[in-house]
Protein chains: 4
Amino acid sequence: MSESGSRAAVLVRFQEPLEIREYPTPREVGPGEVLVRVDAAGICGTDVHLWLGQLKIPIPVILGHETVGRIEALGGGPMLDWRGAPLTEGDRVTWASSMVCGECYYCRLKRQPTRCVGRRAYGISYCDDDAPHLRAGYAERILLRAGTAIFRVPDAVSSESVVGSGCGLTTALHGLERMPVMLDDIVVVQGVGPVGMAAVAIAHRSGASKVIAIGGPAHRLEQALAFGATEVISINEENTVEARRQRVMDSTGGFGADLVIECVGHPTAVPEGVELCRDGGAYLVLGQYADAGNVSFNPHAITRKQLRLAGSWGFEPRHVDRALRLLEQPKYKQLFERQVTHRFPLDQANEALQTVRGLQSGKALILPGGRVER
Amino acid sequence: MSESGSRAAVLVRFQEPLEIREYPTPREVGPGEVLVRVDAAGICGTDVHLWLGQLKIPIPVILGHETVGRIEALGGGPMLDWRGAPLTEGDRVTWASSMVCGECYYCRLKRQPTRCVGRRAYGISYCDDDAPHLRAGYAERILLRAGTAIFRVPDAVSSESVVGSGCGLTTALHGLERMPVMLDDIVVVQGVGPVGMAAVAIAHRSGASKVIAIGGPAHRLEQALAFGATEVISINEENTVEARRQRVMDSTGGFGADLVIECVGHPTAVPEGVELCRDGGAYLVLGQYADAGNVSFNPHAITRKQLRLAGSWGFEPRHVDRALRLLEQPKYKQLFERQVTHRFPLDQANEALQTVRGLQSGKALILPGGRVER
Amino acid sequence: MSESGSRAAVLVRFQEPLEIREYPTPREVGPGEVLVRVDAAGICGTDVHLWLGQLKIPIPVILGHETVGRIEALGGGPMLDWRGAPLTEGDRVTWASSMVCGECYYCRLKRQPTRCVGRRAYGISYCDDDAPHLRAGYAERILLRAGTAIFRVPDAVSSESVVGSGCGLTTALHGLERMPVMLDDIVVVQGVGPVGMAAVAIAHRSGASKVIAIGGPAHRLEQALAFGATEVISINEENTVEARRQRVMDSTGGFGADLVIECVGHPTAVPEGVELCRDGGAYLVLGQYADAGNVSFNPHAITRKQLRLAGSWGFEPRHVDRALRLLEQPKYKQLFERQVTHRFPLDQANEALQTVRGLQSGKALILPGGRVER
Amino acid sequence: MSESGSRAAVLVRFQEPLEIREYPTPREVGPGEVLVRVDAAGICGTDVHLWLGQLKIPIPVILGHETVGRIEALGGGPMLDWRGAPLTEGDRVTWASSMVCGECYYCRLKRQPTRCVGRRAYGISYCDDDAPHLRAGYAERILLRAGTAIFRVPDAVSSESVVGSGCGLTTALHGLERMPVMLDDIVVVQGVGPVGMAAVAIAHRSGASKVIAIGGPAHRLEQALAFGATEVISINEENTVEARRQRVMDSTGGFGADLVIECVGHPTAVPEGVELCRDGGAYLVLGQYADAGNVSFNPHAITRKQLRLAGSWGFEPRHVDRALRLLEQPKYKQLFERQVTHRFPLDQANEALQTVRGLQSGKALILPGGRVER
């Protein structure tokens, strides 16, 4: 890594390989800004959606919204992190990927900051054409704007556990705050990707009497058991909607689950999930992040089964706070570290993205510096 | 009306004319049972769905689940109504159409009695082949089972207002208990049938800052204004989904409504309604009573807009209690009386059903005794 | 135990020793009634309040509302328990101590059955002067009324765990349903009696990040740690309100707990508990079962600290269902069994009561048959 | 009013007359600051508490936290108000009296900004010793800090209605957001001061089936009826706790109210209010703003009656937004204007304060410019 230049992997055209470009490293760091040397950036499933062009974003763009790094420079003297701890050069930090305006209808009147009309996310909404360019994680350095919710990573928390849990954990914490697991609930989690795995962990910790995880890869299902699932259903073995429904009914006295959490992302998961709820139950639609088109759906089920449904978008800084607290527990630190199955240098950002696209990996990381110390 | 026999209009085959049959009037009324001479029975939109064969019911069946009548005989001495008031012969009464078992998973453990596995409703779930046959409102008499939630109709409440509000009002009270209007909410009501009209009334009474009703017949939209709508949108004038959406956006600062209440019944209303909610808003799917098939739906909206949705099925006796209290207010008594636009003798039950099927009427009644005193 | 007569320990005058009396064993068991031979009856703290005359009850009365026994006779043929399982002679059973009328303002309109105006509890509200006398647990036999919520005790659940958890567990389940622990909450439990111990267990299972138990006897505090407390505060060591408050503040960053659960029963616990809540926090007043008089209290704290408070009275049958499910877990079966520290024959019911009064015991049991098989 | 100096009424010693002092009018208005010429400042009951020394504040202090005025100077060019409307010189404005830090435990983690540890309120927490001195309403001018939530007053809203509703309306809006009136609730409002009157209005608008207001001065009770009370109880006629309780029981079928709202401020109101709640009901403790000492209270009632209680402190800017929307309705504009019964020049600020202290007035205003145009 040179001092004067910082390399980044840039999405120039949807569905085409990322290009490595080099940008001047900012020489002046403004008041409240923080220049961070990236240690590790996670590849999120959303990055695949972005690469495929399924969400509206400006291109060219540098991807990467799950990041840990070390502070190289602090603009304008001493700063505090979001929790009030002092920040200095060399500190290991992570941050909430989104910033909100704090002034719009959603921020002010409706207290829904994740729907802020001016919300911008590192690695998603900053066009790479605009200086200072370095606004994302697939890069050697990132320049954080004043007002970013930065968190000093506690010593007990490894960088790999932070990126290994990624935005899946914070997204699940937010969603399950909006639609909480109540003690002794029977919970079904659809999907065992990063969001699903976090949902399993949260449901287990919240006192669910059963946590039934439905997913594909055998090693992921095995991990779900370690995260707290009491039962797993393989979509390879139970390869029809009806077969899976029957399995859930067999485990729930024929009634269905108190709470179903959708963490799949494919539209077809939603009508399937509705059928897995008991009457009067709840359905958290947590994974439909990309606009992947329509699905054939019978709304009669919502009325007849007297369901409650909720959606949840992104997360707020306080969910990063809670995620870090969870990772301070050795059990969860280790479980989330083990989510990381692939590591790539920045030059191989394409390979990282394709690995996640294949859905067979756990978490893949880009390590612009070649390795993560801790 | 003869003493020994009671006539009824029977649905023998779906989509074919009802037949008038005569059954022996029960001579013995068992303990807790009540024999009622029917004064008026409302035709509910659900009756049309039942007649079309869109819900699973046993046939032959006598229809009619919205009923007012006078007690002819009380089994086993003095009785109290659901509110604890004494009942005697000649009393004018109405009742909750459904009875629940009180013992199943939904009644006991999950407190969702409307989803009771043994729930049976007068006018819907009693096969006419089984004695004592008279278990519905399209008939001269009905024999109420012991345990029915009977309500003596207060003197201030007219019979026509009770049947004119019908199960639309109790259904809306239940639904809006599950997903309440909060003070100053902007509310959209999709549909101005009996459920929609009641939803308009409830939204208005709950302190909505705006109540925007969307519907068809001009006279119904005019009535919606009397019930408390602040604005109406005609589907004849705004005859595309996009045109209606634009109207709602124009009235809501471009954001959509805090709460949308679906009272249409057609599946296509649901994706349209989702688009009328503001981000972080709520959607009550109240009208999807019949299984009218699937609709093409994009679940991405639930996640991205961070919505809450709820369904609600039927109602409980306490909602009848609340409906009667509302009808004690002269304003609402009159408004709901005016819902009644057509009255038919029992012999013309088919005509009554076809009138409602045509969707152009307000409420149609069957008057087996030819008229309603009050 | 004779066949024809059943002995019982009767509270004849407040604050005087219980008397052993013998009643005729009912020879006829009416429809829906169940005659049970008592295996074990728990001494509840409320029994001490009753004995002291601190609650309004009719005397003479047989005490005992936490009971396990075996069915000797079933009135009127086969019966189902509350969960729908068949009941036969010899079955080991427990039951909800209270029956409600199902018809009053609280049962019907307000869905608060624990406040039913006609609620009657075995061991509390049945005057011993009235036949069939045997309506309580401190007796060789009890005759359960038709409609009692009876539960067959699963084989995996020991009788001592049922009575060892007693109504403390069901009371806590109800209270924490009304004011739930949310994931990652910091919880303080005031008191480590039966209700407090159950509250610790529930808070731990619900995902509290910290559970701080405050109480007296050292062995009880040790047990609280086994039940899931992360920290205990001894009122013997921290023997002032201020000292305890300081300890809680030290453990909560100086802010106080998200949720405080009062399980002490003495009025002074309430103003102390209010001070242990963080601003915007919640306080569950769960233990003020007896009217133990007034306390000096500053209501300014409720407004200024922007608190939420809740009370909770008794429990419903569904909480017995949940308690039994918890006791099916070997860990909790054992923990609650170990709560039982004293066992007495029926003749020594007085000693049992005095033991609990001394507050130094765990749970004391009366074993009318001399021993409990399992 | 001179250009160079601005006079203010200053609380120099508790319980002694305010002193008129003159401060230099700020010549430079910093970025985001706004210099406002005060048109009208309301005397709030809290001002009396502050004058009496019942809350901890720095003195000397200029009082006045309910204010309307006109912009004299805007620091640093064009600005938007809290709703996004442009602000220019001459605009009529009001503002949220408090500013929060946005960074503390309560602002960030617990979303309880009204309990912000760094919260400062104009007219309360700014020591008059510190430049620029003019931080309150009892003055000719006030200099608003950058970040103040300023609202341009709509043309349809008179200045007297804004100050006439004062912080009573915003306080009630906040409290009833935390503990909402549900449709058809029976509501009791204790107190008919500014907070109580606003609570009556909100309960009425939220669809309460009855609103029973309890209070003193006959003209205030009469106004309560205009605001929506369905019944009033005079503490002069019903001059014992028991007499008032009996009146409420008579109006509620003997059960008590679904929701009681305390807006009195005296500690004795709280135990009285608890007795006015039905079992399972709710109690909003909204008026205990000053630490007026302890009261004798029996916490057994919270447990036995299974109550929910809530406190609420101050308000947030969005409640000012909602208050202004309400005042745009001619009915409420007029009702709140009529609350203003006394108007004083700045020189008579003492008289204004003493008038409110006497509790016989409606709202008293200070008009530093001698009159209010609209």
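Just a yes or no: is a residue in segment B:60-70 without any contact (Cβ under 8 Å) to a residue 24 or more places away in the chain, of a type in the set (Gly, Ala, Ser) and in contact with a helix residue (DSSP H, G or I) (Cβ under 8 Å, 6 or more places away or on another chain)? Give the steps one after another, and end with the answer.
Keep residues of segment B:60-70 that are without any contact (Cβ under 8 Å) to a residue 24 or more places away in the chain, which gives none.
No, segment B:60-70 contains no residue that is without any contact (Cβ under 8 Å) to a residue 24 or more places away in the chain, of a type in the set (Gly, Ala, Ser) and in contact with a helix residue (DSSP H, G or I) (Cβ under 8 Å, 6 or more places away or on another chain).
In segment B:246-261, what count of residues is obtained for those that are charged (D, E, K, R) and either surrounded by fewer than 17 Cβ atoms within 10 Å (Cβ to Cβ) or farther than 20 Å from residue B:216 by Cα (or both)? Walk me through how you get there before you give the answer.
Just the residues of segment B:246-261 that are charged (D, E, K, R), to begin with: B:247, B:250, B:258.
With either surrounded by fewer than 17 Cβ atoms within 10 Å (Cβ to Cβ) or farther than 20 Å from residue B:216 by Cα (or both) added as a condition, the list becomes B:250, B:258.
So the count comes out to 2.
Conditions: (1) surrounded by fewer than 24 Cβ atoms within 10 Å (Cβ to Cβ); (2) in contact with a strand residue (DSSP E or B) (Cβ under 9 Å, 6 or more places away or on another chain). Residue A:174 meets all but one. Number of the miss?
(2)
Tell me whether segment D:167-184 contains one or more residues that are over 30 Å from residue D:213 (Cβ atoms) and in a loop (DSSP other than H, G, I, E, B).
Quick first cut of segment D:167-184, residues over 30 Å from residue D:213 (Cβ atoms) only: none.
No, because not a single residue in segment D:167-184 is over 30 Å from residue D:213 (Cβ atoms) and in a loop (DSSP other than H, G, I, E, B).
Looking at (1) open to solvent by 10 Å² or more (accessible area, probe 1.4 Å); (2) more than 25 Å from residue A:154 (Cβ to Cβ); (3) at pLDDT 95 or above; (4) of a type in the set (A, V, I, L, M), which is the one condition that is false for residue A:59?
(3)
Looking at segment A:116-143 only, could you name the residues that are within 16 Å of residue A:365 (Cβ to Cβ) and surrounded by fewer than 24 Cβ atoms within 10 Å (Cβ to Cβ)?
Taking segment A:116-143 first, the residues within 16 Å of residue A:365 (Cβ to Cβ) are A:123, A:136-140, A:142.
If the condition is that a residue be within 16 Å of residue A:365 (Cβ to Cβ) and surrounded by fewer than 24 Cβ atoms within 10 Å (Cβ to Cβ), then A:140 is the only one that fits.
Within segment B:262-289, work out how many residues are assigned to a loop (DSSP other than H, G, I, E, B), facing another protein chain (nearest Cβ under 10 Å) and open to solvent by less than 20 Å² (accessible area, probe 1.4 Å).
Kept after step one, since they are assigned to a loop (DSSP other than H, G, I, E, B), are these residues of segment B:262-289: B:263-268, B:286-289.
Now drop any that are not facing another protein chain (nearest Cβ under 10 Å), which leaves B:265-268, B:286-289.
Filter again for open to solvent by less than 20 Å² (accessible area, probe 1.4 Å), leaving B:265, B:267, B:286-288.
Going through segment B:262-289 one residue at a time, the tally reaches 5.
When the residues of segment A:319-362 are narrowed to those that are within 18 Å of residue A:204 (Cα to Cα) and open to solvent by 40 Å² or more (accessible area, probe 1.4 Å), which ends up farthest from the other protein chains (Cβ to nearest Cβ)?
Filtering first and then ranking leaves A:334.
Does segment A:7-47 hold any residues that are of a type in the set (Phe, Trp, Tyr) and either open to solvent by less than 30 Å² (accessible area, probe 1.4 Å) or under 14 Å from residue A:137 (Cα atoms) (or both), and which are they? Please lay out each step first, then the result.
First, the residues of segment A:7-47 that are of a type in the set (Phe, Trp, Tyr): A:14, A:23.
Hit for segment A:7-47 is A:23, nothing else.
Exactly one of (1) of a type in the set (S, T, N, Q); (2) within 24 Å of residue C:180 (Cβ to Cβ); (3) surrounded by fewer than 17 Cβ atoms within 10 Å (Cβ to Cβ) is unmet by residue A:236. Its number?
Of (1) of a type in the set (S, T, N, Q); (2) within 24 Å of residue C:180 (Cβ to Cβ); (3) surrounded by fewer than 17 Cβ atoms within 10 Å (Cβ to Cβ), only one is false for residue A:236: (2).
Among (1) open to solvent by 30 Å² or more (accessible area, probe 1.4 Å); (2) within 14 Å of another protein chain (Cβ to nearest Cβ); (3) within 21 Å of the chain's Cα centre (by Cα), where does residue D:109 come up short?
Looking at each condition in turn, residue D:109 falls short on (3).
For segment D:295-318, give me each residue that is within 23 Å of residue C:293 (Cα to Cα) and more than 7 Å from chain C (Cβ to nearest Cβ).
Correct list: D:301 only.
Name the residues in segment C:144-160 that are in contact with a Leu (Cβ under 9 Å, 6 or more places away or on another chain), buried (at least 20 other Cβ atoms within 10 Å of the Cβ), assigned to a loop (DSSP other than H, G, I, E, B) and not polar (S, T, N, Q), would you?
Answer for segment C:144-160, where residues must be in contact with a Leu (Cβ under 9 Å, 6 or more places away or on another chain), buried (at least 20 other Cβ atoms within 10 Å of the Cβ), assigned to a loop (DSSP other than H, G, I, E, B) and not polar (S, T, N, Q): C:153, C:157.
Pick from segment D:207-218 the residues that are under 20 Å from the mean Cα position of the chain (by Cα) and without any contact (Cβ under 8 Å) to a residue 40 or more places away in the chain: which of them is surrounded by the fewest Cβ atoms within 10 Å (Cβ to Cβ)?
Looking at the filtered set, the residue picked out is D:215.
Only one residue in A:163, A:187 is away from chain C (no Cβ under 14 Å), surrounded by 24 or more Cβ atoms within 10 Å (Cβ to Cβ) and modelled with pLDDT of 95 or more, so which one is that? Can you show your working first?
Numbers: A:187 fails: away from chain C (no Cβ under 14 Å).
So the residue among A:163, A:187 that is away from chain C (no Cβ under 14 Å), surrounded by 24 or more Cβ atoms within 10 Å (Cβ to Cβ) and modelled with pLDDT of 95 or more is A:163.
Before we move on, is residue A:292 in contact (Cβ under 8 Å) with a residue 24 or more places away in the chain, more than 15 Å from the chain's Cα centre (by Cα), open to solvent by 10 Å² or more (accessible area, probe 1.4 Å) and at the interface with chain B (Cβ under 10 Å from one of its Cβ atoms)? Even if it seems obvious, please write down each step before you answer.
Numbers: in contact (Cβ under 8 Å) with a residue 24 or more places away in the chain: yes; more than 15 Å from the chain's Cα centre (by Cα): yes; open to solvent by 10 Å² or more (accessible area, probe 1.4 Å): yes; at the interface with chain B (Cβ under 10 Å from one of its Cβ atoms): yes.
When the stated conditions are applied, residue A:292 passes them.
Can you spot a residue in segment B:52-65 that is assigned to a helix (DSSP H, G or I) and either farther than 30 Å from residue A:184 by Cα or of a type in the set (Gly, Ala, Ser) (or both)? It would help to see each step written out before you state the result.
Start the filter on segment B:52-65 by keeping residues that are assigned to a helix (DSSP H, G or I), which leaves B:52.
If we keep only those that are either farther than 30 Å from residue A:184 by Cα or of a type in the set (Gly, Ala, Ser) (or both) too, we end up with B:52.
Yes - at least one qualifying residue is present in segment B:52-65.
Looking at residue A:14 and the list (1) modelled with pLDDT under 95; (2) part of a loop (DSSP other than H, G, I, E, B), which single condition is not satisfied?
Here residue A:14 meets the rest and fails (1).
Among the residues of segment D:66-89, count how many are in a strand (DSSP E or B) and closer than 22 Å to residue D:6 by Cα.
Kept after step one, since they are in a strand (DSSP E or B), are these residues of segment D:66-89: D:67-74, D:79-80, D:86-87.
Keeping just the survivors that are closer than 22 Å to residue D:6 by Cα gives D:67-74.
Summing the residues that are in a strand (DSSP E or B) and closer than 22 Å to residue D:6 by Cα in segment D:66-89 gives 8.
Which one of these is in a helix (DSSP H, G or I), under 29 Å from residue B:20 (Cα atoms) and touching a helix residue (DSSP H, G or I) at 6+ places or on another chain (Cβ under 9 Å): B:365, B:326, B:353?
Result: B:353 is the single residue among B:365, B:326, B:353 that is in a helix (DSSP H, G or I), under 29 Å from residue B:20 (Cα atoms) and touching a helix residue (DSSP H, G or I) at 6+ places or on another chain (Cβ under 9 Å).
Would you point out the residue of segment A:80-115, among those that are touching a residue at least 60 places away in the same chain (Cβ under 8 Å) and touching a Gly at 6+ places or on another chain (Cβ under 7 Å), that is farthest from residue A:146 (Cα to Cα)?
Among those that are touching a residue at least 60 places away in the same chain (Cβ under 8 Å) and touching a Gly at 6+ places or on another chain (Cβ under 7 Å), it is A:115.
Search segment D:203-252 for residues being assigned to a helix (DSSP H, G or I) and polar (S, T, N, Q), and hand back the single one that is nearest to residue D:187 (Cα to Cα). Full working, then the answer.
Filtering segment D:203-252 down to residues assigned to a helix (DSSP H, G or I) leaves D:203-205, D:218-227, D:241-251.
Next cut, polar (S, T, N, Q) only: D:223, D:246, D:251.
Working: D:223: 17, D:246: 15, D:251: 11 Å.
Ranking the qualifying residues of segment D:203-252, first place goes to D:251.
(1) surrounded by fewer than 23 Cβ atoms within 10 Å (Cβ to Cβ); (2) within 30 Å of residue D:113 (Cα to Cα): which one isn't true of residue C:306, the others all being true?
Residue C:306 satisfies all of (1) surrounded by fewer than 23 Cβ atoms within 10 Å (Cβ to Cβ); (2) within 30 Å of residue D:113 (Cα to Cα) except (1).
Suppose the filter is within 14 Å of chain C (Cβ to nearest Cβ) and either assigned to a helix (DSSP H, G or I) or of a type in the set (Val, Ile, Thr) (or both); does residue D:200 pass it? Before you say what the answer is, go through the steps one by one.
Working: within 14 Å of chain C (Cβ to nearest Cβ): no; either assigned to a helix (DSSP H, G or I) or of a type in the set (Val, Ile, Thr) (or both): yes.
It is false that residue D:200 is within 14 Å of chain C (Cβ to nearest Cβ) and either assigned to a helix (DSSP H, G or I) or of a type in the set (Val, Ile, Thr) (or both).
Identify, please: which residue in segment A:17-28 is modelled with pLDDT of 95 or more and in a loop (DSSP other than H, G, I, E, B) and is, among those, farthest from the chain's Cα centre (by Cα)?
Ranking the candidates gives A:25 first.
The values are calculated or read from the model by the stated rules, or taken from the named source; none is laboratory data. Everything numeric in this text was worked out from a predicted model, so none of it was measured. Please note: Cβ atoms are built from the backbone with ideal geometry, for glycine as well, and neighbour counts cover all protein chains shown. Keep in mind that these areas ignore ligands, DNA and RNA; they rest on the heavy atoms of the full protein, side chains included. Shrake-Rupley method; radii C 1.70, N 1.55, O 1.52, S 1.80 Å.
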